[in-house]
Amino acid sequence: MMDTRDSIRPVGPVVIDIENITKDYVMGEEIVHALRGVSLRVHRNEYIAIMGPSGSGKSTLMNMVGCLDTPTSGRYGFNGRNVAEMDDDELAAIRNREIGFVFQTFNLLPRANTLRNVELPLIYAGVDPETREERATQTLIDVGLGDRLHHKPNELSGGQRQRVAIARALVNRPSIILADEPTGNLDSKTGEEIMSLFEDLYRRGNTIILVTHEADIARHARRTVRLRDGLIESDDLMTVPELESMALT
Amino acid sequence: MKRFLYELSESWKIAVAQMRSNMTRSTLTALGVIIGIVAVTLMGTAISGIQVGFDKSMAIFGDDVLYVGQWPWKNVDDWWNYRDRKKIKTEYAEGLNRMIAMTPNSNLAIAIPTSSVYRSVKYMDSEVNNVLIRGTVSDYIITSTFDFKEGRFFNELESRGGANVCVIGYDVADALFPSASPIDKSVLINGQPFKVVGVISRQGSFLGLFSLDSIVVIPLPAFQKYFTAKSEAEILVKVKDKTKLADAKDELAGLMRHVRGLPPEKKDDFSINEQQALKSTLDPIKNSIAVAGLFITGLSLFVGAIGIMNITFVSVKERTKEIGTRKALGARRRTILLQFLIESTALCLLGGIIGLTFAFLMCFLIGVAFPSFPIHFSSKLVLVSILVSVLTGLISGFAPAWSASRLDPVTALRYE
Ligand SMILES: Nc1ncnc2c1ncn2[C@@H]1O[C@H](COP(=O)(O)OP(=O)(O)OP(=O)(O)O)[C@@H](O)[C@H]1O
Ligand SMILES: [Mg+2]
């Protein structure tokens with residue numbers, strides 16, 4: 001069972017295939033090169049941390065991966081399909097079913113209670129009301145919020161809010177979870193709780209990509225991609241000793 | 001399809017929640033629509049009220065009767081041309097009936113002479129003033145649509161003989177005989193005793209203005225004996241087929257010219273009136289109410305629409321980040337479009353419903369204050385108002401909803 005090489009290569013099918021992507025933002029006279037040529041291949045059930053200094057293009061890359069933004073040049077294949085060829089409705093469908101977003105600022109609807117927030121992606125997927133409530137409730141129980149179904153976001157702690165957001169990202173059973181600094185607004189203890197939730201998801205077979213600039217957080221991932229000035233600086237798989245030490249803790 | 005319904009109900013819930021949390025703002029914004037809807041319903045109510053009252057009043061006249069008189073039933077600018085016309089005489093009826101009998105396939109059935117005057121009517125110590133005293137023949141009953149509360153109309157014998165009998169209207173009976181039955185009692189008209197043989201059941205009033213129940217009908221010979229001064233005669237002619245009213249009118253005009261002995265080059269010196277002609281006198285009133293009402297409605301709806309458009313733009317701006325989040329969760333463009341369209345529509349609908357409630361209350365109060373005015377708050381009007389509100393909402397919400405649906409998800413998510 002134990003591999004003799006110093007790291008474990010992922011073996012699942014490729015879900016994200018980014019080739020030499022660039023992204024420019026035009027700011028009046030000036031052009032900002034947010035990404036200058038990034039290539040990234042992600043297999044199913046990988047757990048990736050994207051790191052890098054502020055302004056290095058992490059969020060830009062995440063938005064690209066999440067089909068929220070389109071590259072200036074380069075090719076993006078999602079599950080073998082060229083994203084550039086999809087129309088707005090297809091992109092919306094992918095965001096709805098294949099991708100689960102978790103934001104740094106939670107982005108919950110303030111007037112809707114926990115349950116309704118989590119039901120939202122199911123509404124867009126056309127799920128009937130009973131199944132919707134059932135699945136949202138189950139997902140909330142899974143993230144440990146079974147007793148907070150009817151609370152409004154402002155009646156929850158930061159960690160609880162992020163759990164709601166995670167439940168919302170999971171409820172449509174997407175193949176990929178994208179989290180842009182999910183612990184950025186949380187204290188370190190709550191952050192660890194959230195990270196153990198991601199660990200669970202990973203173990204259950206989810207593909208996870210998260211952006212962070214905290215090494216402690218990135219340590220949970222099996223692969224770390226470092227960005228600097230819109231380019232990939234390094235792309236490291238976790239070594240076996242590291243894996244072993246993780247298993248011990 | 002199912003998904004559309006779910007999105008619809010979701011959008012509706014959001015819209016309601018949104019309005020609840022901004023109640024003052026919503027109501028103020030909807031003010032234009034509220035005023036517009038009040039204006040349109042009050043206008044509609046007034047017009048249909050006039051119409052209904054009119055139709056009700058008209059029904060008493062019967063729509064198969066032509067009225068030969070000195071004056072036309074409409075406003076005339078050249079009244080002096082009519083003033084000097086020869087008076088209509090009750091005797092014309094006999095001549096007309098003779099000619100009708102001689103004409104094969106005549107469109108006319110019978111001519112009834114009437115002559116009217118206003119007098120007071122007394123019984124014991126009670127007195128009613130300004131009662132319409134009408135002298136006519138027993139066949140008068142054919143041309144009228146009224147029922148009897150008690151008793152009967154005078155018969156042919158009484159009619160011909162000019163017996164001192166009378167049929168009294170509901171108001172007269174009510175005023176003179178508050179508790180007892182008037183039948184076989186003697187009332188005094190112009191000092192002459194007339195025995196009551198019948199009481200006409202309640203007819204209502206003409207447009208709520210003058211009562212049609214303040215009337216006493218007596219045999220023509222008796223009328224001519226006592227009330228010739230200042231009386232005005234009118235010949236009622238019943239037609240056989242009311243669908244051929246125009247033909248009947250032409251025929252009657254010919255007969256009348258014959259009776260009057262008019263040479264062909266002379267114009268008619270009498271007027272043949274019909275219920276329909278009265279209706280057209282109403283049109284200018286209805287039109288001016290409609291024009292004023294539509295103007296106010298249009299103006300306030302326009303102002304309301306601008307307000308709603310504005311508030312929807314504000315709402316889109318305030319919730320830019322939410323729009324971004326929804327898009328990230330899989331909302332399509334049309335989902336967002338629908339959501340804001342429904343918000344603006346719900347706002348207009350709120351205005352419409354408040355407006356309708358106001359209008360309804362106002363109609364109710366008017367109805368209480370002036371019970372005789374025919375108020376008619378129709379369900380059609382409610383439907384039209386709701387439709388107008390929804391339409392206003394859709395139109396005013398479209399531009400902001402469209403701009404929301406086109407928002408770039410990343411830009412929206414970054415919006416602070
Ligand atoms: N919509 C935009 N318009 C203009 N410039 C942008 C836009 N989005 C990002 N940029 C620029 O692109 C560069 C990369 O931004 P990005 O948000 O990806 O950085 P980041 O690595 O996520 O930084 P942080 O750690 O602070 O979140 C930055 O220089 C930023 O100013
Ligand atoms: Mg960022």
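Values for this structure:
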item	result
Cα-based helix-to-principal-axis angle, B:379-405 vs chain B, degrees rounded to 10	20 degrees
Solvent-accessible area per residue for region B:65-273 (1.4 angstrom probe, square angstrom)	52 Å²
Virtual spin-label span in nm between residue A:228 and residue B:28, 7 Å along Cα→Cβ	5.5 nm
Tail fraction, Cα-Cα pairs, chain A, threshold 27 Å, whole percent	38 percent
Percent of beta bridges antiparallel (DSSP, chain B, rounded to nearest 5)	80 percent
Separation in nanometres of the label points that stand 7 Å from Cα toward Cβ, at residue A:152 and residue B:106	8.5 nm
Greater than 24 Å apart at Cα, pairs in B:89/B:249; B:87/B:286; B:149/B:279; B:195/B:225	B:87/B:286; B:149/B:279
Tensor-based shape of region A:171-212 (alpha-carbon gyration tensor, a/c under 1.5 rounded, otherwise prolate or oblate)	prolate
C-alpha long axis of helix B:275-318 to longest principal axis of chain B, angle in °	10 degrees
Region B:1-113 - Debye-derived log10 I(q)/I(0), Cα point model, q = 0.21 Å⁻¹	-1.16
Accessible surface buried upon B-A contact (total; probe 1.4 Å; Å², nearest 100)	2400 Å²
Listed residues A:90, A:46, A:192, most fluctuating in chain A (Gaussian network, C-alpha, under 10 Å)	A:90
Antiparallel content of DSSP bridges confined to region B:65-273, in %, to 5	80 percent
Percent accessible area from carbon and sulfur atoms, region B:65-273, protein chains only, probe 1.4 Å	50 percent
Three principal axis lengths of region B:65-273 [C-alpha, angstrom, descending]	58, 38, 32
Between helix B:333-369 and chain B: long-axis angle, C-alpha atoms, 0 to 90°, nearest 10	30 degrees
Spin-label model distance (nm) - residue A:141 vs residue B:181, 7 Å beyond Cα toward Cβ	8.3 nm
Residue-span extension gain [residue B:195 to residue B:52] - 0.36 nm each, minus C-alpha spacing	47.9 nm
Globularity index of the protein assembly as shown, i.e. its alpha-carbon radius of gyration over 2.2 N^0.38 Å	1.67
Under 5 Å, built H, 5+ apart or other chain: amide partners of residue B:185	B:196
Calculated [θ] (222 nm, deg cm²/dmol) that DSSP helices of n ≥ 4 give over chain A, each run adding -39,500 (n - 2.57)	-10000 deg cm²/dmol
Contact order normalised by residue count of chain B, Cα under 8 Å, 6+ apart, percent	28 percent
Candidates B:178, B:193, B:264, ranked by Gaussian network fluctuation over chain B, Cα under 10 Å, top entry	B:264
Cleavage-rule hits (trypsin sites (Lys or Arg not before Pro)) in region B:299-401: DSSP loop, at most 15 neighbouring Cβ within 10 angstrom	none
Sum of -39500 (n - 2.57) over DSSP H runs of 4+, divided by residues of chain B (222 nm, nearest 500)	-19000 deg cm²/dmol
Net charge of neighbours whose Cβ lies under 14 Å from the Cβ of residue B:2, counting Lys and Arg as +1 and Asp and Glu as -1	-2
Global form of chain B, assessed from the alpha-carbon gyration tensor, a/c cut-off 1.5	prolate
Amide H within-cut-off set for residue B:131, under 5 Å, with H built and near neighbours excluded	B:119, B:120, B:121
Cα-centred dipole magnitude for region B:65-273, charges only on beta-carbon of K, R (+1) and D, E (-1), debye, nearest 20	360 debye
Members of region A:87-106 that become less accessible by 30 Å² or more once partner protein chains are added (1.4 angstrom probe, chain alone as reference)	A:88, A:89, A:92, A:95, A:103
Calculated from backbone phi, Karplus (6.51, -1.76, 1.60) coupling profile of region B:86-102 in Hz, x at Gly/Pro	5, 5, 7, 10, 5, 5, 3, 4, 4, x, 4, 4, 5, 5, 4, 5, 7
Cα gyration tensor category, rounded, prolate or oblate, for region A:85-194 with a/c compared to 1.5	oblate
Of A:128, A:180, A:216, the one that fluctuates the most in a GNM where chain A has Cα springs shorter than 10 Å	A:128
Compactness of region B:163-294 as Cα Rg over 2.2 N^0.38 Å, two decimals	1.43
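The values are calculated or read from the model by the stated rules, or taken from the named source; none is laboratory data. The structure displayed is predicted, hence computed values, not measured ones. Here the Cβ is made from the backbone with ideal geometry for all residues, glycine too, and neighbour counts use every protein chain on show. Note: areas computed on protein heavy atoms with side chains; ligands, DNA, RNA excluded. Shrake-Rupley method; radii C 1.70, N 1.55, O 1.52, S 1.80 Å.
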